[in-house]
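Encoded as structure tokens, the structure appears first; notes follow it.
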Ligand code: PMP
């Protein structure tokens, strides 16, 4: 690994980028790595090689889209090349967008119609507009610690009684219409419905919180959302931007957790590494979008043929190969290996995740009753003696030592050739390109770095 960062190519590229791009990056989390963001030269399987020739085992995986890793299988590559050779895009329908829609509809029970857009942000913005248009109501409920992209309706934080915009530039009026509640807290949700039930267009949630360290749903939480939405005539929007075609395999997280949403948003994996988003749901709801209905939705790049080809071939490859068993098994190995390692350092760490998502959380305070190690995914197991101590809401995770993680742990792992998401709240992903040897090497690095701590 590079020792003298000041002389590295990444350092020089970043220095130059700082003069030209806002903060030297095009998405804020990319500026997090200390001391300097790694500039990528190219990907190789599960690895990336940086501009200085350093090779890292990559668990960022594009923040989720790269289910198959960095080397695309021949079938995916050929399909993309053909789409490019035919002409990049038309603004006129193509068969491939219909085929990708058919694939999603065939595998995800709640989806009868789809609309493709270009990002997860666009997908959730359009789904919320659809819910508002359909119900004729303005308020939505979101989860504290949840994330649905960068648009005004979801850039709101706080609670029922005290909330406001989470970014400058978002008018206060958006915070009047958006109510954040703690994830996994059915009573808090009920309270909001009791106060504002007739004004609530939708509850918007991820199946598990994937942008807040990974918080799994407790048994019955999604059923409570479903029941309250039914009782008050609101829609249930499930944001599967991260979990779609990652958690629960081709049935997605809604299949795994038996969730029955009215609308689902997708992005990331369904574009096979290219910009994408989608809204799906019952035909009767989806037809409210233009051109069949009056809820406006349109986009120059919607259903982009190159993206559609990449997404379709990626999903078909996943269906025809052992992709999900491979990534889920490696995820299990990684989480249980981490559980064994952190046992020696308890009570300051918690291993979280499921399927091919994982994260090691740093929690600030050692609960006094903590007398054992944390089992991966224990939030799903109310019988666990330590159930009370596991993160169940976004706030539980945000209490962790996020800055310390970024400044000490992340660079030490990078020095050992393991590239993690630098922000402690962002999930990490295992891909089809990762191997058991990668997992072992990664666990050795975790062990090594954790043992250095006082
Ligand atoms: N929803 C969820 C659950 C996400 O994780 C993200 C991005 N990580 C988004 C929406 C926004 O997606 P995009 O970055 O593609 O706009």
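With both labels modelled 7 Å from their Cα along Cα-to-Cβ, the residue 151 to residue 9 distance reads 3.9 nm. For 162, 139, 99, the sequence from fewest to most other C-beta atoms within 10 Å is 162, 99, 139.
Label separation (residue 284 vs residue 340): 5.3 nm, computed from points 7 Å beyond Cα along the C-beta direction. If the segment from residue 98 to residue 219 were pulled out straight at 0.36 nm per residue, it would be longer than the present Cα-Cα gap by 40.0 nm.
When each of the peptides 190-202, 78-90 is scored by the mean number of other C-beta atoms lying within 10 Å of its residues, the order from highest to lowest reads 190-202, 78-90. Considering all C-alpha pairs of the chain, those separated by over 27 Å amount to 54%.
Taking other Cβ atoms within 10 Å as a rough exposure proxy, 304, 151 sort from fewest to most as 151, 304. What value, in deg cm²/dmol to 500, does the helix sum -39500 (n - 2.57) over DSSP H runs of n ≥ 4 give at 222 nm once divided by the residues of the chain? Counting only the DSSP helices, I get -10500 deg cm²/dmol.
Under the classification rounded if a/c is under 1.5, otherwise prolate if a/b is larger than b/c and oblate if not, where does the range 133-205 fall, given a ≥ b ≥ c as square roots of the Cα gyration tensor eigenvalues? Here the range 133-205 falls in the oblate category.
Each DSSP beta bridge with both residues in the chain is either parallel or antiparallel, and the antiparallel ones are about 65%.
Remark: the Cα gyration tensor places the range 147-293 in the rounded category, a/c being less than 1.5. What does the C-alpha gyration tensor say about the overall shape of the range 69-133? Classify as rounded when a/c is under 1.5, otherwise prolate if a/b is larger than b/c, or oblate. Since a/c reaches 1.5 and a/b is larger than b/c, the shape of the range 69-133 is classed as prolate.
Taking other C-beta atoms within 10 angstrom as a stand-in for reagent exposure, 441, 335 fall in the order 441, 335, fewest first. Between residue 440 and residue 86, the modelled labels are 4.5 nm apart [label points 7 Å from Cα along Cα→Cβ].
Throughout, read-outs are computed from the coordinates displayed, never taken from laboratory work. None of these values were measured; they are calculated from a predicted model. Cβ coordinates were reconstructed from backbone atoms using ideal geometry, including for glycine residues, and neighbour counts include every protein chain displayed.
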